[in-house]
Amino acid sequence: MIATPNFPIIRVSQEAYELSTNETMGSKYKFWFEHEELGLCLYKQARQNIGEDWAEKVASQLCFLLGLPHAVYELAETWEGNRGVVSPYFLPEGGTLVHGNELLTPIVPNYPTSGTYRVTQHTINIVLSVISDESVNLPLGWTAAEGIESAVEVFVGYLLLDAWIGNGDRHHENWGIVRSKAPSNSMETIHLAPTFDHASSLGRDLSDEQRQKRLVEAYTNKCFSAFYENIGDKKPLRTFDVFQRVAHSYPEAALMWLSRLKSISEDNTGEIFNRIPNNRISSIAAEFAQKILEFNQDKLLTLRNSLL
């Protein structure tokens with residue numbers, strides 16, 4: 001049996017850093033730099049022993065298996081030995097990424113533009129109403145999945161991903177639209193942005209000691225999203241509950257994404273974890289993350305009968 005090679009590590013040189021541009025959005029240290037093969041890239045540094053780098057890489061690969069339009073993430077290391085991920089620039093020439101808070105501020109009274117968490121105005125229905133507007137097209141460069149005809153139906157897939165991996169970080173700066181102008185004319189088009197920023201998932205925040213003591217079911221049942229059901233609610237919805245609500249509003253899209261999820265085997269996901277270098281993820285962390293995927297996959301697939 002031929003051993004599966006590890007994922008490549010992108011080396012970020014000191015020279016690239018010295019020519020870089022800082023990125024101010026978000027809480028993590030990051031900067032833009034030119035890579036000789038990948039072009040303009042964002043380097044995002046992982047906090048030590050938190051697992052943000054492997055979680056982001058695994059989530060990117062899971063997006064690929066599902067067929068979701070997504071930002072690509074590669075494992076990275078700087079000349080100083082710091083670890084993180086590198087993501088190639090996904091906007092077209094002249095394109096602009098407009099984040100959710102910029103879209104919601106003009107239409108929701110007293111919307112807290114600068115906050116990211118505990119924003120109760122960030123309700124799932126308000127977000128869906130923005131994305132379901134007929135002006136929002138499918139993501140640029142993405143070949144539409146069979147039966148998916150609108151941006152909001154793609155977003156249903158993003159929410160399935162969140163429920164599968166336990167991603168509680170889809171706050172209003174972690175989704176958005178892309179405004180684009182064709183080089184040949186001044187006509188602007190609007191497209192759903194690919195899904196991005198999935199590092200807060202797969203139990204990466206736990207220590208190995210905690211993973212050995214906690215039951216996967218108990219952990220997954222506490223995976224809260226950044227979406228609320230109603231303005232003023234004390235707690236956000238769980239990631240599974242978000243998808244369940246949206247699935248009943250868009251059953252055909254939900255069934256399509258659930259069909260994609262059903263086709264992904266434990267061998268498929270296991271191969272991804274096998275390709276993460278051992279010095280980036282422990283066997284305990286990998287096993288716990290895979291159990292999260294298995295548990296959530298089974299739970300999500302039980303929804304199908306209620307949608308038929």
Distance check, please: which entries in K222/K291; K57/K234; K57/K262; K262/K291 exceed 25 angstrom between their Cα atoms? K57/K234
Relative contact order [Cα under 8 Å, 6+ residues apart], region 232-308, whole percent: 46
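Relative contact order for the chain using alpha-carbon pairs under 8 Å, separation at least 6, rounded to a whole percent? Show your work: numbers first, answer last.
Details: 517 pairs, mean separation 64.3, N = 308.
That works out to 21 percent.
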Any GluC sites (Glu not before Pro) in region 60-113 that lie in a DSSP loop and have at most 13 other Cβ atoms within 10 Å would be E80, E93
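Please get the size of the charge dipole for region 142-292, origin at its Cα centre, with Cβ charges of +1 on Lys and Arg and -1 on Asp and Glu, quoted in debye to the nearest 20.
On the way: 17 positive and 20 negative charges, 70 e Å.
Using Cβ point charges on Lys, Arg, Asp and Glu, region 142-292 gives about 340 debye.
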Among trypsin sites (Lys or Arg not before Pro) in region 197-247, those in a DSSP loop whose Cβ has at most 13 other Cβ atoms within 10 Å are K222, K234
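Please give the charge dipole size of region 9-88, origin at the Cα centre, charges +1 on K and R Cβ atoms and -1 on D and E Cβ atoms. Round to the nearest 20 debye.
On the way: 7 positive and 12 negative charges, 75 e Å.
Dipole of region 9-88, to the nearest 20 debye: 360 debye.
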Can you check what the net charge comes to around F224, using other residues whose Cβ is under 10 Å from the Cβ of F224 (Lys, Arg +1; Asp, Glu -1)? +2
Return the equivalent ellipsoid semi-axes of the chain as a descending list in whole Å, where each equals the square root of 5 times an eigenvalue of the C-alpha gyration tensor. 28, 26, 19
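Per residue of the chain, what 222 nm ellipticity follows from adding -39500 (n - 2.57) for every DSSP H run with n ≥ 4, rounded to the nearest 500? All intermediate terms of the calculation are to be shown ahead of the outcome.
Working: 12 runs with 114 residues, N = 308.
One gets -10500 deg cm²/dmol as the mean residue ellipticity at 222 nm.
For S259, S60, which order do you get if you count the other beta carbons within 10 Å of each Cβ and list the fewest first? Write out the running numbers ahead of the final one.
Numbers: S259 14, S60 22.
Lowest count first: S259, S60.
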Check the straight Cα-Cα distances from K181 and name the aspartates and glutamates below 15 Å, setting aside those fewer than 8 residues away within the same chain. E93
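Laboratory data are not the source of any read-out in this text; all were calculated from the coordinates shown. Here the structure is a predicted model, which means the values were calculated and not measured. In this analysis, Cβ positions are derived from the backbone assuming ideal geometry, glycine residues included, and neighbour counts consider all displayed protein chains.
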